[in-house]
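Participant: Following this message is one structure expressed as structure tokens.
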Amino acid sequence: MSGIKILHAADLHLDSPFEGLPDAKAAQRRAEQRQLLMRIAQTANSEHVKLALFSGDLLDTGSAYMETGESLIGALGSIDAPVFIAPGNHDWYSPRSPYARLKWPENVTIFSHPHIECAALPDEKLRVWGAGFTDSSCPGLLEGFEAEKEPETIDIMCVHGEVGVRESAYDPITEDEIARSGMDYIALGHVHKTSGLRRAGDTYYAWPGCPEGRGFDETGDKYVYIVDVGDGKCSLRPVSVAQRRYEILREDMSDGGELAEKLPEGTENDIYRLILTGETDAAPDVPALRRALEGRFFALEIRDATRLRRDVWERAGEDTLRGLFLKKLKAAFDAAETDEDRELVMSAARWGLAALDNREEARSDENK
Amino acid sequence: MKINKMTASFGRLSGDAIEFRDGLNVVTAPNESGKSTWCAFIRAMLYGIDSGERAKTGFLPDKVRYAPWSGAPMEGSMDITCGGANITLTRTSRSHSAPMREFSAVITGTNTPVPGLDAQTAGEKLTGVSRDVFRRSAFIEQGALAVSGSPELEKRIASIVSTGEEDTSYTEADETLRAWQRARRFNRRGRLPELENRISGEKDRLRDMESGELGRETLRRRLEEASGDCEKLESMVTESRRQYRRDALEKLSASRGELERASQNYSDLAVRARADRAALEHNVIGDREPATVTQEAKRDKARADTLRREAEDRGSPAGVVACAILMAAAVVLGILVSPYIFAAAVLAAAGCVLLWMNMKKKDAAAEAAAEERRKILSAYSAGCEADIDAVVEEFRGLYAACMAAEQEEADAKARMDAAKSRHDTLEASTLSDLDFANGDTEAARLGRQLASARQEKERLAAQIAQTDGRLQTMGDPLVIKSSIESMQSEYASAQREYDAITLAIDTLRDADAEIQSRFSPELGKLAAEYMSIMTGGKYDSVLISRDFSIRARAAGDTVPRESEYLSAGTLDLMYLAVRLAVCRLALPEEDKCPIILDDPLVNFDSEREKQAIKLLEEIAKERQVILFSCHCE
């Protein structure tokens, strides 16, 4: 029994909206999404994998749009290896789902039942097991499952589920179940952060996370896995296919230094959320900052989380309109119970001071 | 600051001069003697003339109104004492369009310029307040006694009652905040409603697209069904047409064989009939009616019989010979016997001739009969009468055969015609059977079904293409979703701003109310004091709100009276009291500027006027008061 090479991807969430992108950029990302699919296919082909596994949530919803379906079919059809899809909680299998409605290429197999099935590939001495969600939630699929080992045969499983979260509504899987499954490798999906290679008993398992971030909850580098498994051994290599990264950066504005100089270089392809922190006299001029940083990021979202400098509050002691205004807000600030309320009071103080000082409105064109 | 002396070339004033002293100056002069002009002149000397003002209905700008009647340039000088220094201010005009623009300030009696004073800022520096505040406080114009607010005056008044800076105006800040708030939401306008509309528009679009996608799915399924129907019908149609053609061909070829056979039979019989007729026609009798022929033959035969007998009845020469013998005997006897016997010879000769002639006649008749008989017989090609019957018998045979053949030919023709007509009918019916478009056969019905199924398929395909096109023009749903999300985040942030601004507005209002709760009583208290003095204690309470609307309460009343309810005199008096209180409280304490009053007492009765003058005298102890009046006292 010699090892085989597998491409393992999951949680593409196609058709979910892109966060933090204006129309034109979103349209560009849409085009890039097609390229992402093609890059995954190309990676599979250039790595000469014997199997390509997609462990669920390929689509964000059950009502995939025509174009997405076509791109997906085109990409998967171009992979020179059998492709297996295990529908997940977002793209669960139903007669109305794209998995049932669209004409899939011959090399693509979709697990459409909520129990583990075997799709044998006899020539390869290889068995691929899997199951699909048929609803937005799914009880543990591996519960009580045990494959009868056959000599000289590699057993691989492709399934969407969550390991070690007993109360999970998304196919909770325990390490015991994995160890008993008799599989050589279990290709999982669901969690968007990459797992690295794990092992329970003689069974290896992993989830690659999403291959490209789609929002600020999916920051950093993203991968698909190239897995070599066989002879009781397993190795795993993350391969980056993403074109864009989402990153969140906090910058302290207290010292009044030039923001542009503090930011990292080489971020032209990335989507950044810049959170301005620290204590300042006046609210930062977000539109001006945005203009100054234009071109350094694919897209940039600036959030002002700066706080009014402490000494501004000190004028709350003055016996003037300004002083009384600040005094009342200070009282409201101290009485506020949530961060949100405190932020509101802080912001009100800033607006009021700007009006009293006859300053221009600083944030009127944000996000336009 | 106080005014000592003025010289003016201004309106009706043409180089006129006027002097003032400390304390209360009452300038009494009749109407149209230039009192208001002097007032305007003071303002012009301090703050200059705003040459940007334009004339409009009911309003003349100062540069026009006070252009010197003499036609000389607008100019003048004013000697003042300010900060302990005597200063001469001079304003002249270089052009009519920019009057009083040239400015100089020197120490009186010298050419030493006073530093820091220029055309624009002189007034504010000298009085300590802006033109705006000056007009609303110390400068009490005729008919403009009513008190009105301005952000700056408000700042001053606010600072009366607070200890801090005087750089903030509630009204201004409130207005600014409200403008920011309005930019976000004002009824159905502003960024938030705009975003709401756009978001709901985009959501509608997305819903449209989703239903469009669903519609397309349905259409596709129906198209697939229609394609299946088409295929099924196509094979059914092909099969049924094939069957129909085969049946039609079989029927037609049978009918054609029948027709061919009938036509062959007919042509055979026609040949025979033609031969029989030829034989008949070649017959000696020819094509004649057999009955007639029989009758004629019978008659001809009888006639020939008669003629034969007649031909046999020839003349006998015996008589002639007897007569000749007799004659010869007579001659002999006559020669021999008597000549008389010669007479007998003559008689015998005559008898002989007669008898010969008779015999000849009989022979000719027989000859004619024989000839006629021969003719009759030859008409029948008969040798004798008996042959005629045979000839007729043969004719009758031929005739009957010919008739029979012709009858048979006619029958065959009728059969052939019938077969042809049958064939034609069959051909026509087959043609109509094979007309799969219009016929009513199973094949034609299926054909029509197929045509309508194809039509349905085409219709669906067109509809899908149309839906595709429509969906394509609607844009990319993913882009729309992203855009909705981005707008929603913008909406949330704008909503946060709106809430913060609203909170700022509310808080600022509270802060202002607090200030106002302090300054209103103070201003009101002083004004009430003044009013009480002027009304001899009749009104003892004045209530002033932020917008300077004023109410006064008579002593003993519980409810203050709105200004509308006060008499013109009392109203003027109340305003004057408030004005004086404003001057006292809002104008700088240092180097107090003079109060200029242009006939504010016209509506006062003499008692109140007296009291007012007394009050002004009191005030004039602290600052110069210049009162222009048309009253003679």
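Participant: Within the stretch B:81-90, is even one residue crowded, with 21+ Cβ neighbours inside 10 Å, among the aliphatic types (A, V, I, L, M) and at pLDDT 85 or above?
Facilitator: yes
Participant: Please work out which one of (1) part of a strand (DSSP E or B); (2) surrounded by 13 or more Cβ atoms within 10 Å (Cβ to Cβ) is the condition B:A17 fails and give its number.
Facilitator: (2)
Participant: For B:E622, only one of the following conditions fails: (1) surrounded by fewer than 16 Cβ atoms within 10 Å (Cβ to Cβ); (2) touching a residue at least 60 places away in the same chain (Cβ under 8 Å). What is its number?
Facilitator: Only one criterion in (1) surrounded by fewer than 16 Cβ atoms within 10 Å (Cβ to Cβ); (2) touching a residue at least 60 places away in the same chain (Cβ under 8 Å) is unmet by B:E622, namely (2).
Participant: Within the stretch A:60-71, is even one residue under 27 Å from A:I4 (Cβ atoms) and in contact with a helix residue (DSSP H, G or I) (Cβ under 9 Å, 6 or more places away or on another chain)?
Facilitator: no
Participant: Identify, from the list B:R277, B:R245, B:R198, B:R207, the residue that is buried (at least 16 other Cβ atoms within 10 Å of the Cβ) and in a helix (DSSP H, G or I).
Facilitator: Criteria check complete, one pass: B:R277.
Participant: Sticking with this one: Inspect all residues belonging to the stretch A:17-31 and state whether any of them is aliphatic (A, V, I, L, M), in contact (Cβ under 8 Å) with a residue 12 or more places away in the chain and either in contact with a Gly (Cβ under 6 Å, 6 or more places away or on another chain) or more than 11 Å from every other protein chain (Cβ to nearest Cβ) (or both).
Facilitator: Start the filter on the stretch A:17-31 by keeping residues that are aliphatic (A, V, I, L, M), which leaves A:21, A:24, A:26-27, A:31.
Those still in the list that are in contact (Cβ under 8 Å) with a residue 12 or more places away in the chain too: A:21.
From the residues that got through so far, the ones that are either in contact with a Gly (Cβ under 6 Å, 6 or more places away or on another chain) or more than 11 Å from every other protein chain (Cβ to nearest Cβ) (or both) too are none.
Checked against the condition, which is being aliphatic (A, V, I, L, M), in contact (Cβ under 8 Å) with a residue 12 or more places away in the chain and either in contact with a Gly (Cβ under 6 Å, 6 or more places away or on another chain) or more than 11 Å from every other protein chain (Cβ to nearest Cβ) (or both), the stretch A:17-31 yields no hits at all.
Participant: Report yes if A:A41 is in contact with a helix residue (DSSP H, G or I) (Cβ under 9 Å, 6 or more places away or on another chain), within 14 Å of another protein chain (Cβ to nearest Cβ) and buried (at least 21 other Cβ atoms within 10 Å of the Cβ), otherwise no. Lay out the reasoning, then the answer.
Facilitator: Details: in contact with a helix residue (DSSP H, G or I) (Cβ under 9 Å, 6 or more places away or on another chain): yes; within 14 Å of another protein chain (Cβ to nearest Cβ): no; buried (at least 21 other Cβ atoms within 10 Å of the Cβ): yes.
No.
Participant: Can I ask one more? Conditions: (1) surrounded by fewer than 21 Cβ atoms within 10 Å (Cβ to Cβ); (2) assigned to a helix (DSSP H, G or I). A:S16 meets all but one. Number of the miss?
Facilitator: The one condition A:S16 does not meet is (2).
Participant: Do we find a residue being under 30 Å from B:R178 (Cα atoms) and either surrounded by 20 or more Cβ atoms within 10 Å (Cβ to Cβ) or within 8 Å of chain A (Cβ to nearest Cβ) (or both) anywhere in the stretch B:419-430?
Facilitator: Initially, the stretch B:419-430 is screened for residues under 30 Å from B:R178 (Cα atoms), giving none.
For the stretch B:419-430, residues under 30 Å from B:R178 (Cα atoms) and either surrounded by 20 or more Cβ atoms within 10 Å (Cβ to Cβ) or within 8 Å of chain A (Cβ to nearest Cβ) (or both): absent.
Participant: Among (1) basic (K, R); (2) in contact (Cβ under 8 Å) with a residue 60 or more places away in the chain; (3) more than 30 Å from B:R274 (Cβ to Cβ), which single condition is B:K375 missing?
Facilitator: All conditions are met except number (2).
Participant: Related question: Kindly check whether there is at least one residue in the stretch B:37-49 that is in the same structural domain as B:T108 (by TED's automatic domain parsing), polar (S, T, N, Q) and more than 23 Å from B:R21 (Cα to Cα).
Facilitator: No: zero hits.
Participant: Moving on. Which pairs have Cβ atoms under 6 Å, sit 6 or more apart or on different chains, and link a residue in the stretch B:252-272 that is touching a residue at least 40 places away in the same chain (Cβ under 8 Å) to one that is basic (K, R)?
Facilitator: From residues that are touching a residue at least 40 places away in the same chain (Cβ under 8 Å), the pairs are B:L259/B:K420; B:A262/B:R415; B:Y266/B:K413.
Participant: Condition first: surrounded by fewer than 19 Cβ atoms within 10 Å (Cβ to Cβ) and part of a loop (DSSP other than H, G, I, E, B). Now tell me which residues in the stretch A:219-241 satisfy that.
Facilitator: A:G220, A:D221, A:D231, A:G232, A:S240
Participant: I would also like to ask the following. For the stretch A:15-25, how many residues are touching a strand residue (DSSP E or B) at 6+ places or on another chain (Cβ under 9 Å) and small (G, A, S)?
Facilitator: Count: 2.
Participant: So, of the residues in the stretch B:513-524 that are touching a residue at least 40 places away in the same chain (Cβ under 8 Å) and surrounded by fewer than 18 Cβ atoms within 10 Å (Cβ to Cβ), which turns out to be farthest from A:F333 (Cα to Cα)?
Facilitator: In this case the residue turns out to be B:E522.
Participant: Quick check on A:G182: is it touching a Cys at 6+ places or on another chain (Cβ under 9 Å) and closer than 19 Å to A:V229 by Cα?
Facilitator: When the stated conditions are applied, A:G182 does not pass them.
Each row is one residue, and each column tells you yes or no for (1) within 14 Å of another protein chain (Cβ to nearest Cβ); (2) at pLDDT below 85; (3) in a loop (DSSP other than H, G, I, E, B).
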residue: B:A119; (1), (2), (3): no, no, yes
residue: B:V133; (1), (2), (3): no, yes, no
residue: B:Q142; (1), (2), (3): no, yes, yes
residue: B:A158; (1), (2), (3): yes, yes, no
residue: B:D167; (1), (2), (3): yes, yes, yes
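Participant: Turning to a different aspect of this structure: Output the residues belonging to the stretch B:35-64 that are of a type in the set (K, R) and surrounded by 15 or more Cβ atoms within 10 Å (Cβ to Cβ). I'd like the intermediate steps shown before the answer.
Facilitator: As a first pass, look at the stretch B:35-64 and keep what is of a type in the set (K, R): B:35, B:43, B:54, B:56, B:63.
Across the stretch B:35-64, the qualifying residues are B:K35, B:R43, B:K63.
Participant: May I pose another question? State yes or no: is B:A226 touching an Asp or Glu at 6+ places or on another chain (Cβ under 6 Å) and in a helix (DSSP H, G or I)?
Facilitator: It is true that B:A226 is touching an Asp or Glu at 6+ places or on another chain (Cβ under 6 Å) and in a helix (DSSP H, G or I).
Participant: Considering B:I3, B:I49, which residue is part of a strand (DSSP E or B) and either over 60 Å from the mean Cα position of the chain (by Cα) or modelled with pLDDT under 90 (or both)?
Facilitator: B:I3
Participant: Have a look at A:V159, A:V163 and point out the one that is touching a Lys or Arg at 6+ places or on another chain (Cβ under 9 Å), crowded, with 18+ Cβ neighbours inside 10 Å and assigned by TED's automatic domain parsing to the domain that holds A:R199.
Facilitator: Only one candidate qualifies: A:V163.
Participant: Let me ask you something else. Would it be correct to say that B:S482 is facing chain A (nearest Cβ under 9 Å), of a type in the set (S, T, N, Q), crowded, with 20+ Cβ neighbours inside 10 Å and assigned to a helix (DSSP H, G or I)?
Facilitator: Answer is yes for this residue.
Participant: From B:D476, B:D499, B:D510, B:D468, which residue is surrounded by fewer than 20 Cβ atoms within 10 Å (Cβ to Cβ), farther than 23 Å from A:D304 by Cβ and at the interface with chain A (Cβ under 7 Å from one of its Cβ atoms)?
Facilitator: B:D510
Participant: Which residues, taken from the stretch A:46-79, are more than 14 Å from chain B (Cβ to nearest Cβ), in contact with a His (Cβ under 8 Å, 6 or more places away or on another chain) and acidic (D, E)?
Facilitator: Within the stretch A:46-79, A:D57 is the sole residue that qualifies.
Participant: Then there is this: Filter the strands (runs of 3 or more DSSP E) completely within the stretch A:246-353 down to those with at least 3 residues that are without any contact (Cβ under 8 Å) to a residue 60 or more places away in the chain and more than 10 Å from chain B (Cβ to nearest Cβ). Talk me through it step by step, then tell me what you get.
Facilitator: Values: elements: A:246-252, A:271-277, A:299-304.
Hits in the stretch A:246-353: A:246-252, A:271-277.
The values are calculated or read from the model by the stated rules, or taken from the named source; none is laboratory data. Everything quoted here is computed from the prediction, not taken from an experiment. Neighbour counts are summed over all protein chains in view; Cβ atoms, including those assigned to glycine, are modelled from backbone coordinates with ideal geometry.
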